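Here, each number is a calculation from the coordinates, and none is a lab measurement. Model, not experiment: these values are computed from the prediction. Positions of Cβ are backbone-derived with ideal geometry, glycine not excepted, and every protein chain shown enters the neighbour counts.
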């Protein structure tokens, strides 16, 4: 079976993927979703990716998943282990040499103007717990250029969340077309799909991995 290595988003923790992990494990898969060292100013994106790959029991049959800011981390991990596949979930897509802090202007990001951009479709108890676990982000991680010369040469998929108020669907369709050139798979969920639609997201991850 497949091992899913999940790079969580900015300010987040691996816990946010525990329901997806349970759904994948029920299907016989293995899941690693460690807390990345996002607050450590001595660590950069390469260190974050190494934290993810170091958590793997094996580098055989691994699918790397990147959510939101994890889109800057997942391809680094995928390239380092020659992953079976790379799956972005409503994620930022970098270009060579681009600092994450510059991504927003480079990509032409526009704020939706909606008040609750993250938890509007997440059950209240999970949303409250997620907010308790939120962390800061190091300035180093935002300023240092993305180190790869190109996206890794592995099968790549993008799951676009059609109810996302942070990375809105129209915005993300353009980003995916411009920077990845693949047809996204769509999921009726908000930005935190791992908490609002964990079973449906797990099904899509398995389908993409296959």
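Assorted remarks:
- Cα-based values for region 1-116, radius of gyration first and Dmax second, are 14.4, 43 Å.
- Kirkwood hydrodynamic radius of the chain, Cα pairs, Å: 16.8
- Along each principal axis, Cα extent of region 54-175, largest first, Å: 40, 33, 28
- Gyration tensor (alpha-carbon) shape descriptor, region 33-93, a/c threshold 1.5: oblate
- Label-to-label distance for residue 132 and residue 105 is 3.9 nm, based on points extended 7 Å past Cα in the beta-carbon direction.
- Cα gyration tensor of region 117-190 - equivalent ellipsoid semi-axes, whole Å, descending: 26, 21, 11
- Gyration tensor (alpha-carbon) shape descriptor, region 79-133, a/c threshold 1.5: oblate
- Per-residue Cβ neighbour rank within 10 angstrom, fewest leading, 165, 179: 179, 165
- Modelled FRET efficiency - R0 35 Å, residue 150 with residue 116, Cβ distances, 0.05 increments: 0.45
- Spin-label pair residue 170/residue 82, simplified geometry with 7 Å Cα→Cβ offset, distance in nm: 4.4
- Residue-averaged 222 nm ellipticity for the chain, from DSSP H runs of 4+ at -39500 (n - 2.57), nearest 500: -10000 deg cm²/dmol
- Measuring r between the beta carbons of residue 182 and residue 61 and using R0 = 22 Å, the FRET efficiency lands at 0.55.
- Panel order for 40, 111, by other beta carbons found within 10 Å of each beta carbon, from fewest to most: 111, 40.
- Between the beta carbons of residue 199 and residue 139, assuming R0 = 35 Å, the FRET efficiency works out to 0.40 to the nearest 0.05.
- Cβ crowding within 10 Å ranks 62, 175 as 175, 62, fewest other Cβ atoms first.
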